[in-house]
Amino acid sequence: MSLLVIGSAAFDSIQTPSGSREKVIGGSGVYAACAASFFTPVRLVSVVGEDWPSAYTDRLRTRAIDLEGLEVRPGARTLAWSGRYFENLNDRETLDIRLNVMGEEYRPLVPESYRGSEFLLLANGSPVCHLDLLDKMAKKPRLTVADTMDFYIQNQPAPLRKLLPRIDGLILNDSEARLLAGEKNTITAARRILEMGPAFVIVKKGENGAFYLSRQAIRLIPAYPSEEVVDPTGAGDSFAGALMGALAASGRSDPESIIAAMARATVVAGYNVEGFSLERLETLTEKEIESRLAAFRTMITF
Ligand code: AMP
């Protein structure tokens, strides 16, 4: 079934203990669409400035990503983010963020052909822009999942609270869940978030895996035990993209399918961090995903 992803397309400048990269291709929409494209064709809504190299668009074009919704805005500059990871690779600091073309005034252009999409991923980005996109859809998607981050929890709390009753699921990491709910305990925080509207919450805990919480169930998924972490950037976005790609491919949105999709999302995010930027996702094959998924399944069965 059709999947629409909205998210950022960005220039990332990254420092990790393994090295650094300047102005490489990144952004929540880019990572999410790439990860989803292993499972199903994806429609991407994003915006870049005229400084965006056509070679970056060409790299996305080689995948099953429809780019009709990738707007190139004349006279504008692309979102630019730079970050530095600490030795433990779980913690990072944002050194600089320039929203540029994705600033407060940005409202997405949504091609007519995208408006009936059945699965919708609101990848990390402004909740104001997410609300605008929801209003532009021709009908309510079968499954809408949003990802968010501390930046929007702190800077756009009111639009975020308006968004939560309009989505089915929210994905965020443990510190963001505690920040959003104002709770010290992560599970309590996730329960509080359910009261704000979504039917389920997926909380990511870095190398400690992730959990799914709804009013009926809680399920835990460990992280894939990787020994080769080069650049954690986009781990969350590729997790969300693979999750929604796997669900759209199956056409299902029930809890058991979401949990099965979380295992696939864990495997894809685990591969993503083995290289800088999109490097590892660009060489990754479906066969590699299936083989790690089989290994992962034996690791978590008892
Ligand atoms: P993650 O490592 O999954 O948290 O995602 C990192 C990606 O998010 C990078 O590629 C950034 O370009 C992108 N990003 C950083 N800040 C923002 C923001 N405020 N809005 C949208 N995307 C962002």
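Readers should treat all values here as calculations from the given coordinates under stated rules, not as data from a laboratory. Keep in mind the model is a prediction, meaning the values are calculated, not measured. Counting neighbours? That spans all protein chains shown, and the Cβs are built from the backbone with ideal geometry, glycine included.
Some notes on this structure:
- Taking each residue as 0.36 nm, the span from Glu227 to Ser214 lengthens on full extension beyond its C-alpha to C-alpha distance by 1.5 nm.
- Beta bridges per DSSP, both residues in the chain: antiparallel share near 40 percent.
- Cross-link pairs beyond the 29 Å C-alpha cut-off, checked among Lys23/Lys136; Lys184/Lys287; Lys23/Lys204; Lys139/Lys287: Lys23/Lys136; Lys184/Lys287; Lys139/Lys287
- Ordering Phe239, Phe296, Phe151 from the fewest to the most neighbouring beta carbons within 10 Å gives Phe151, Phe296, Phe239.
- Global form of the range 3-299, assessed from the alpha-carbon gyration tensor, a/c cut-off 1.5: rounded
- Between the range 205-219 and the range 96-155, the alpha-carbon center distance in angstrom: 24 Å
- Nearby aspartates and glutamates by direct alpha-carbon distance to Lys205 (threshold 13 angstrom, same-chain neighbours under 8 apart not counted): Asp91, Asp174, Glu176
- Inter-label distance, nm, simple model (7 Å from Cα along the C-beta direction), Met1/Ala158: 3.4 nm
- Pairwise label distance in nanometres, Glu195 with Met137, each label 7 Å out on the Cα-Cβ vector: 2.6 nm
- Highest-first arrangement of 55-68, 20-33, where packing means the average Cβ count within 10 Å: 20-33, 55-68
- If R0 equals 30 Å, the separation of the Cβ atoms of Asp150 and Arg107 corresponds to a calculated FRET efficiency of about 0.80.
- A simple packing score, the average count of other Cβ atoms within 10 Å per residue, orders the peptides 286-295, 258-267 as 258-267, 286-295, with the highest score first.
- Rounded if a/c under 1.5, otherwise prolate or oblate - the range 78-198, Cα gyration tensor axes: oblate
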